[in-house]
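This report concerns only the one structure given below.
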Amino acid sequence: MSRRHPLSFIFRITLHPWWRLTRGLTLGVRAAVVDEAGRVLLVRHRYYPGWHFPGGGVEREETTQAALARELVEETGIELMGEAELHGLFANFINFKSDHVAVYVVRKWQQGPWKPSLEIAEKKWVHPDALPDNVTGGTGRRIAEIFHGAFRADKW
């Protein structure tokens, strides 16, 4: 069982309420980055348990593609080399009752400099058939949809 990072408590009690007050609707982006071997990139946050797709929130006056490009560089050092393919838009009502996540598949990219940060503890490439035990539910479902043709649900 994974332990939560000490910052997760601060994150939950300060940022979540702030976002709810300042944003009527929240929108995030996630990237299923695929390498030439057919593996997908996952990241592990310091403040939230499990393995996730890289991504984050879309800021005011920012497109989802711009947010995706920004988050990939910030979290993994990956630079987009072409347009990402939209896989789907999913309702993520677990933490926010008006949160949505746009998931993109990224096949054209290049690796830039990267090192662990205050937000991202590590990243790793995994085969879609050999996911880590603690991959998050939404991430696992999206991998099944993208790589195995599973039914595409509308909820994260």
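Condition first: part of a loop (DSSP other than H, G, I, E, B) and either within 12 Å of the chain's Cα centre (by Cα) or surrounded by 11 or more Cβ atoms within 10 Å (Cβ to Cβ) (or both). Now tell me which residues in the range 129-156 satisfy that.
Leu131, Pro132, Asn134, Thr136, Ala150, Arg152, Ala153, Trp156
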* Asked: Regarding Leu131, is this residue among the aliphatic types (A, V, I, L, M) and without any contact (Cβ under 8 Å) to a residue 60 or more places away in the chain?
  -> no
* Is it true that Val33 is β-branched (Val, Ile, Thr) and either at pLDDT below 95 or crowded, with 18+ Cβ neighbours inside 10 Å (or both)? -> yes
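Just to be sure, is Ala67 more than 17 Å from Gly28 (Cα to Cα) and out of contact with any helix residue (DSSP H, G or I) (no Cβ under 7 Å at 6 or more places or on another chain)?
In short, no.
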* Close pairs (7 angstrom Cβ cut-off, 6 or more residues apart or separate chains): touching a residue at least 40 places away in the same chain (Cβ under 8 Å) and farther than 15 Å from Val135 by Cα in the range 30-57, among the basic types (Lys, Arg) and surrounded by fewer than 18 Cβ atoms within 10 Å (Cβ to Cβ) anywhere -> Val34/Arg107
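The values are calculated or read from the model by the stated rules, or taken from the named source; none is laboratory data. The shown structure was predicted, so the numbers you read here are calculated from the model rather than taken from an experiment. Heads up, the Cβs are rebuilt from the backbone with ideal geometry, glycines too, and the neighbour counts pull from every protein chain shown.
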